[in-house]
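> This is the structure, below, for whatever I ask next.
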There are 2 protein chains.
Amino acid sequence: MSKLKGNLLYGQSGGPTSVINASAYGVITEAIKNTDEIEEVYVMRHGIQGALNEEFFAMTKQDPDHIEFLKHTPGSAFGSVRYKMLDFKQDETDYIRLLYIFRKYNIRYFLYNGGNDSMDTCYKIAEYMKHVDYDIVVVGIPKTIDNDLPFTDHTPGYGSAAKYVANTMQEVAYDMLAYPKGKVTIVEIMGRHAGWLTAAASLASVTGYGPDLIYLPEVPFSIEKFKADVRRVYGANHQCLIAVSEGLINEEGILIGSSSGLKDAFGHFQLGGVSSKLSNILNSEMRISSRTIELGTTQRAAAHMQSQVDVDEAIEVGRRAVRYAVKGEHGVMVTMTRVKGDEYKIKYGKHPLSEIANVERTIPKTMINEDGNGVTQEFIDYALPLIKGHNTPKFKNGLQQFSTLQVNTVE
Amino acid sequence: MSKLKGNLLYGQSGGPTSVINASAYGVITEAIKNTDEIEEVYVMRHGIQGALNEEFFAMTKQDPDHIEFLKHTPGSAFGSVRYKMLDFKQDETDYIRLLYIFRKYNIRYFLYNGGNDSMDTCYKIAEYMKHVDYDIVVVGIPKTIDNDLPFTDHTPGYGSAAKYVANTMQEVAYDMLAYPKGKVTIVEIMGRHAGWLTAAASLASVTGYGPDLIYLPEVPFSIEKFKADVRRVYGANHQCLIAVSEGLINEEGILIGSSSGLKDAFGHFQLGGVSSKLSNILNSEMRISSRTIELGTTQRAAAHMQSQVDVDEAIEVGRRAVRYAVKGEHGVMVTMTRVKGDEYKIKYGKHPLSEIANVERTIPKTMINEDGNGVTQEFIDYALPLIKGHNTPKFKNGLQQFSTLQVNTVE
């Protein structure tokens with residue numbers, strides 16, 4: 001591929017993380033250095049949908065303060081999207097439109113920031129552009145609090161979400177000690193198929209204040225076993241702190257949360273809520289007072305709990321994506337490999353999108369305890385370095401300062 | 001009352017706040033300065049229960065680092081209790097025991113840190129000791145995230161909880177903007193009879209990212225009105241962020257949360273959960289996808305979100321309590337009065353416990369909007385100064401350092 005000169009198009013896709021905008025910061029600040037190859041940096045509004053609708057943020061036209069704030073801003077500052085591209089052999093419509101837009105805006109670098117589904121989109125676009133022989137470099141940038149992308153030690157976004165979960169568990173565990181006889185507290189944590197984030201609850205225990213039991217989607221969930229576990233811990237300590245994944249499934253592969261059996265006055269099954277289902281069992285069947293904490297989207301949005309390691313890596317994968325792009329590395333995702341040794345260190349690299357798209361990485365058995373209700377030291381050693389350092393929020397009057405950017409497509 | 005020389009006994013009672021231990025820090029550090037009056041500082045384990053059981057922390061015997069950490073430690077570092085003292089004319093047993101303990105340990109200063117119920121305990125002890133003519137000074141120290149104590153502008157603990165709620169709402173609101181068409185998110189906030197903490201959700205809106213609707217226990221809740229409000233906001237914005245108090249009641253005074261009508265397979269009514277009740281209505285009756293966030297005890301435990309103003313004031317009420325005590329101000333609680341003027345300033349004072357015990361202060365009508373689904377500028381002006389400043393957590397390896405103290409009663 002010959003050296004290209006043109007514009008770079010970047011987009012965010014899938015569920016936000018508290019550091020996806022730090023990756024955007026890395027992309028933007030690196031791209032404007034490469035003036036030989038890159039003229040303007042456009043960012044799609046709501047990911048690929050913004051490309052199809054011709055809605056862009058032109059980055060050279062933004063307030064520099066708000067580009068700085070990206071490092072502290074949760075959510076998707078440019079908007080995200082959940083949009084499944086069909087195979088171009090099935091339906092070429094979107095691809096033809098994209099090609100038109102790429103030509104119109106002279107897009108020669110396409111960077112897409114997301115998780116499994118987004119890497120699938122990225123891969124399909126890369127393949128199509130090769131198919132029609134349009135000169136462009138497509139690079140994927142990993143992100144997900146679920147930490148389930150393959151071929152990378154971990155994903156940006158996970159460390160900060162893990163830090164938020166671990167600190168919250170630490171605070172709740174300490175709070176529970178207030179009373180000599182307490183309750184059962186069940187904290188419901190995100191991650192539908194992979195338990196990485198739920199497992200991060202265990203990191204709190206390093207301080208002496210953490211959960212007693214952890215249930216991961218990797219281990220088939222048995223309600224009888226759960227009841228026995230709670231009976232044992234509650235019997236010994238008069239209180240019990242439990243972390244459960246929202247995605248717990250039983251031996252038959254049925255979600256515990258959605259099989260709650262609770263109906264409203266109209267006969268509709270209540271949606272979700274594995275924690276309330278389990279709490280209900282403890283209250284009604286075991287007469288143990290319990291309560292739930294459902295953190296919901298705060299887990300991916302808690303910018304005030306960013307890990308510095310995570311922010312630095314999120315910025316760096318953005319930068320590396322630009323460097324790979326200008327080198328012409330088409331159809332890859334940026335990866336992180338842990339360097340063996342006493343000190344935590346990451347080596348950045350790349351891996352073909354073709355092997356990443358739609359593959360989910362779950363927790364290996366060696367990181368889960370024998371009883372299936374906790375983690376091993378191997379997990380602690382793996383995850384603890386990822387939550388280190390604190391990216392102190394930019395507070396003003398006790399509230400955070402987030403980026404506010406302008407959609408300003410330029411012809 | 002003649003000048004007393006003896007020991008000081010301090011205790012924590014009721015639900016913890018993230019700064020009640022900062023008040024303990026204020027008490028301890030001030031008490032040891034007053035060597036003319038105070039010999040040793042004892043802290044009861046689990047409040048009044050520790051006094052009855054003779055379980056004390058002797059503060060001069062603790063690791064000074066862990067006394068410093070009190071400023072960053074949530075929960076009740078010394079243990080709390082919910083114990084209702086009977087009127088001594090009804091049953092003198094506990095009082096006789098307390099008097100014995102006070103004499104045995106030469107307790108001449110009794111400081112009790114808590115909310116409404118705790119001030120009742122404090123008042124009863126003060127009255128009894130006067131009745132039996134035992135020379136002691138009893139002083140109450142306010143705390144509660146509910147902010148419902150009378151005769152004080154606000155209570156320590158409220159500012160930090162308000163800051164946590166406001167920042168969380170800000171993050172969730174920003175996160176929701178990721179998608180062009182979103183969901184309804186209902187965040188359930190603590191405060192059974194007073195909506196001060198739920199109202200604090202509004203502070204997020206100062207930044208441009210906050211809740212659309214706020215429902216307080218002070219306003220009788222109508223499900224029809226709620227549905228109309230959501231229909232209007234969702235129709236206009238394709239998403240809606242709602243803050244609800246766990247203590248919402250309808251016109252008949254019945255809790256919305258506990259009247260959910262949801263039953264499990266065994267016919268038991270599901271406990272609590274006003275947010276899931278409302279979410280269920282939106283999902284089933286209005287076909288609007290909604291989800292809930294239940295912050296639970298994180299609201300009182302989020303030490304990582306302490307407001308500096310709140311920490312400073314919590315320490316100061318502890319100090320003032322000691323100063324009132326050594327001056328012989330028997331049967332009062334420390335209060336805070338806001339000094340009129342452009343800049344936020346507090347004047348500390350005292351008020352008789354007799355008028356404080358069991359009185360709850362709710363939000364005045366002038367702070368609630370006409371529609372009953374939000375607050376007025378008067379509330380913002382009142383609450384915003386209380387969340388200012390950030391008491392940066394003492395992180396180590398990405399986790400917080402909390403106090404660990406030793407129960408070490410000395411004869």
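The values are calculated or read from the model by the stated rules, or taken from the named source; none is laboratory data. In this text the structure is predicted, and so the values were computed from the model without any measurement. Reconstructed Cβ throughout: ideal geometry from the backbone, glycine too, with neighbour counts over all protein chains shown.
> Could you list, in sequence order, the residues of region A:1-13 that are assigned to a loop (DSSP other than H, G, I, E, B) and surrounded by fewer than 24 Cβ atoms within 10 Å (Cβ to Cβ)?
Those that are assigned to a loop (DSSP other than H, G, I, E, B) and surrounded by fewer than 24 Cβ atoms within 10 Å (Cβ to Cβ): A:Met1, A:Ser2, A:Lys3, A:Leu4, A:Lys5.
> Among A:Val43, A:Val81, which is modelled with pLDDT under 95 and β-branched (Val, Ile, Thr)? Break it down into steps so the answer makes sense when it comes.
Values: A:Val43 fails: modelled with pLDDT under 95.
After ruling out the rest, the residue left standing is A:Val81.
> In addition: In region A:2-34, what residues are of a type in the set (Val, Ile, Thr) and within 14 Å of chain B (Cβ to nearest Cβ)?
We begin by selecting, within region A:2-34, every residue of a type in the set (Val, Ile, Thr); these are A:17, A:19-20, A:27-29, A:32.
A:Thr17, A:Val19, A:Ile20 - these are the residues of region A:2-34 that are of a type in the set (Val, Ile, Thr) and within 14 Å of chain B (Cβ to nearest Cβ).
> Which residues, counting only those in region A:359-383, are in a loop (DSSP other than H, G, I, E, B) and more than 15 Å from A:Gly210 (Cα to Cα)?
Going residue by residue through region A:359-383, those that are in a loop (DSSP other than H, G, I, E, B) are A:359-364, A:369-374, A:376.
Selection gives A:Val359, A:Glu360, A:Arg361, A:Thr362, A:Ile363, A:Pro364, A:Asn369, A:Glu370, A:Asp371, A:Gly372.
> Tell me which of these A:Ile145 doesn't satisfy, since it passes every other one: (1) part of a helix (DSSP H, G or I); (2) under 13 Å from the mean Cα position of the chain (by Cα); (3) aliphatic (A, V, I, L, M).
(1)
> Go through (1) part of a loop (DSSP other than H, G, I, E, B); (2) at pLDDT 95 or above and name the single condition B:Ala201 misses.
B:Ala201 satisfies all of (1) part of a loop (DSSP other than H, G, I, E, B); (2) at pLDDT 95 or above except (1).
> Can you name the residue in region A:384-411 that is hydrophobic (A, V, I, L, M, F, W, C) and outside any loop (DSSP other than H, G, I, E, B) and is also nearest to the other protein chains (Cβ to nearest Cβ) among such residues? Talk me through it step by step, then tell me what you get.
The initial filter retains those residues of region A:384-411 that are hydrophobic (A, V, I, L, M, F, W, C), namely A:384, A:386-387, A:395, A:399, A:402, A:405, A:407, A:410.
Still in the list and also outside any loop (DSSP other than H, G, I, E, B): A:384, A:386-387, A:395, A:399.
Values: A:Leu384: 6, A:Leu386: 8, A:Ile387: 3, A:Phe395: 5, A:Leu399: 5 Å.
By that ranking, first place goes to A:Ile387.
> Is there a residue in region B:352-371 that is surrounded by 14 or more Cβ atoms within 10 Å (Cβ to Cβ), in contact with a Phe, Trp or Tyr (Cβ under 7 Å, 6 or more places away or on another chain) and of a type in the set (S, T, N, Q)?
Scanning region B:352-371 turns up no residue that is surrounded by 14 or more Cβ atoms within 10 Å (Cβ to Cβ), in contact with a Phe, Trp or Tyr (Cβ under 7 Å, 6 or more places away or on another chain) and of a type in the set (S, T, N, Q).
> Got a sec? Which of B:Phe221, B:Phe226 is of a type in the set (Phe, Trp, Tyr), part of a loop (DSSP other than H, G, I, E, B), within 24 Å of B:Thr366 (Cα to Cα) and more than 12 Å from every other protein chain (Cβ to nearest Cβ)?
Working: B:Phe226 fails: part of a loop (DSSP other than H, G, I, E, B).
On inspection, the qualifying residue turns out to be B:Phe221.
> Now a separate question. Within region A:47-65, does at least one residue satisfy the condition of being more than 11 Å from chain B (Cβ to nearest Cβ), at positive phi and either free of Cβ contacts under 8 Å to residues at least 40 places away in the same chain or assigned to a loop (DSSP other than H, G, I, E, B) (or both)?
So in region A:47-65, the residues more than 11 Å from chain B (Cβ to nearest Cβ) come out as A:48, A:51-52, A:54, A:56-65.
Restricting the remaining residues to those that are at positive phi gives A:54.
Subset that is either free of Cβ contacts under 8 Å to residues at least 40 places away in the same chain or assigned to a loop (DSSP other than H, G, I, E, B) (or both): A:54.
The answer is yes, given that some residue of region A:47-65 is more than 11 Å from chain B (Cβ to nearest Cβ), at positive phi and either free of Cβ contacts under 8 Å to residues at least 40 places away in the same chain or assigned to a loop (DSSP other than H, G, I, E, B) (or both).
> Please indicate, with yes or no, whether at least one residue in region A:269-281 is at pLDDT 80 or above, surrounded by fewer than 14 Cβ atoms within 10 Å (Cβ to Cβ) and not hydrophobic (A, V, I, L, M, F, W, C). Write out each step before concluding.
Residues of region A:269-281 that are at pLDDT 80 or above, as a first pass: A:273-281.
With surrounded by fewer than 14 Cβ atoms within 10 Å (Cβ to Cβ) added as a condition, the list becomes none.
Looking for residues that are at pLDDT 80 or above, surrounded by fewer than 14 Cβ atoms within 10 Å (Cβ to Cβ) and not hydrophobic (A, V, I, L, M, F, W, C), one finds none in region A:269-281, hence no.
> From the residues in region B:391-400 that are crowded, with 19+ Cβ neighbours inside 10 Å and in contact (Cβ under 8 Å) with a residue 24 or more places away in the chain, which one is nearest to A:Asn391 (Cα to Cα)? Please lay out each step first, then the result.
Taking region B:391-400 and keeping what is crowded, with 19+ Cβ neighbours inside 10 Å, we get B:391, B:393, B:395, B:398-400.
From what is left, the residues that are in contact (Cβ under 8 Å) with a residue 24 or more places away in the chain are B:391, B:393, B:400.
Numbers: B:Asn391: 14, B:Pro393: 12, B:Gln400: 14 Å.
In this case the residue turns out to be B:Pro393.
> Can you go through A:Thr185, A:Thr168, A:Thr207 and tell me which one is closer than 30 Å to B:Val407 by Cβ, at pLDDT 95 or above and surrounded by fewer than 22 Cβ atoms within 10 Å (Cβ to Cβ)? Show your work before the answer.
Numbers: A:Thr185 fails: surrounded by fewer than 22 Cβ atoms within 10 Å (Cβ to Cβ); A:Thr168 fails: surrounded by fewer than 22 Cβ atoms within 10 Å (Cβ to Cβ).
Result of the check over A:Thr185, A:Thr168, A:Thr207: A:Thr207.
> For region B:182-214, name all the residues that are closer than 23 Å to A:Gly79 by Cα and either free of Cβ contacts under 8 Å to residues at least 24 places away in the same chain or at the interface with another protein chain (Cβ under 10 Å from one of its Cβ atoms) (or both).
B:Lys183, B:Thr185, B:Ile186, B:Val187, B:Ala204, B:Ser205, B:Val206, B:Thr207, B:Gly208, B:Tyr209, B:Gly210
> Are any of the residues in region A:71-86 more than 21 Å from the chain's Cα centre (by Cα) and under 24 Å from A:Gly15 (Cβ atoms)?
Looking only at region A:71-86, we keep the residues that are more than 21 Å from the chain's Cα centre (by Cα), and these are A:86.
Those left that are additionally under 24 Å from A:Gly15 (Cβ atoms): A:86.
The answer is yes, given that some residue of region A:71-86 is more than 21 Å from the chain's Cα centre (by Cα) and under 24 Å from A:Gly15 (Cβ atoms).
> May I pose another question? Going by what's in this entry, would A:Thr335 be described as under 30 Å from A:Ile125 (Cα atoms) and within 14 Å of another protein chain (Cβ to nearest Cβ)?
Working: under 30 Å from A:Ile125 (Cα atoms): yes; within 14 Å of another protein chain (Cβ to nearest Cβ): no.
Against the criterion (under 30 Å from A:Ile125 (Cα atoms) and within 14 Å of another protein chain (Cβ to nearest Cβ)), A:Thr335 does not qualify.
> Report yes if some residue within region A:14-22 is surrounded by fewer than 17 Cβ atoms within 10 Å (Cβ to Cβ), at pLDDT below 95 and touching a helix residue (DSSP H, G or I) at 6+ places or on another chain (Cβ under 8 Å); otherwise report no.
Pass one, region A:14-22, residues surrounded by fewer than 17 Cβ atoms within 10 Å (Cβ to Cβ): none.
No: region A:14-22 contains no residue that is surrounded by fewer than 17 Cβ atoms within 10 Å (Cβ to Cβ), at pLDDT below 95 and touching a helix residue (DSSP H, G or I) at 6+ places or on another chain (Cβ under 8 Å).
> Given the condition touching a Leu at 6+ places or on another chain (Cβ under 7 Å) and more than 14 Å from every other protein chain (Cβ to nearest Cβ), answer yes or no: does some residue in region B:345-361 qualify? Walk me through it before giving the result.
Taking region B:345-361 and keeping what is touching a Leu at 6+ places or on another chain (Cβ under 7 Å), we get B:356, B:361.
Cutting the leftovers down to more than 14 Å from every other protein chain (Cβ to nearest Cβ) gives us B:356, B:361.
Yes, the conditions are met somewhere in region B:345-361.
> Of all the residues that make up region B:291-317, how many are at the interface with chain A (Cβ under 10 Å from one of its Cβ atoms), assigned to a helix (DSSP H, G or I) and among the aliphatic types (A, V, I, L, M)?
4
> Spot the failing condition for A:Ala162; the list is (1) in a loop (DSSP other than H, G, I, E, B); (2) within 13 Å of chain B (Cβ to nearest Cβ); (3) in contact with a Phe, Trp or Tyr (Cβ under 8 Å, 6 or more places away or on another chain), and only one is missed.
(1)
> Any residue that is assigned to a helix (DSSP H, G or I), more than 14 Å from every other protein chain (Cβ to nearest Cβ) and not charged (D, E, K, R) - is there at least one of those in region A:76-89?
First pass over region A:76-89, keeping only residues assigned to a helix (DSSP H, G or I): none.
Scanning region A:76-89, I find no residue that is assigned to a helix (DSSP H, G or I), more than 14 Å from every other protein chain (Cβ to nearest Cβ) and not charged (D, E, K, R), so the answer is no.
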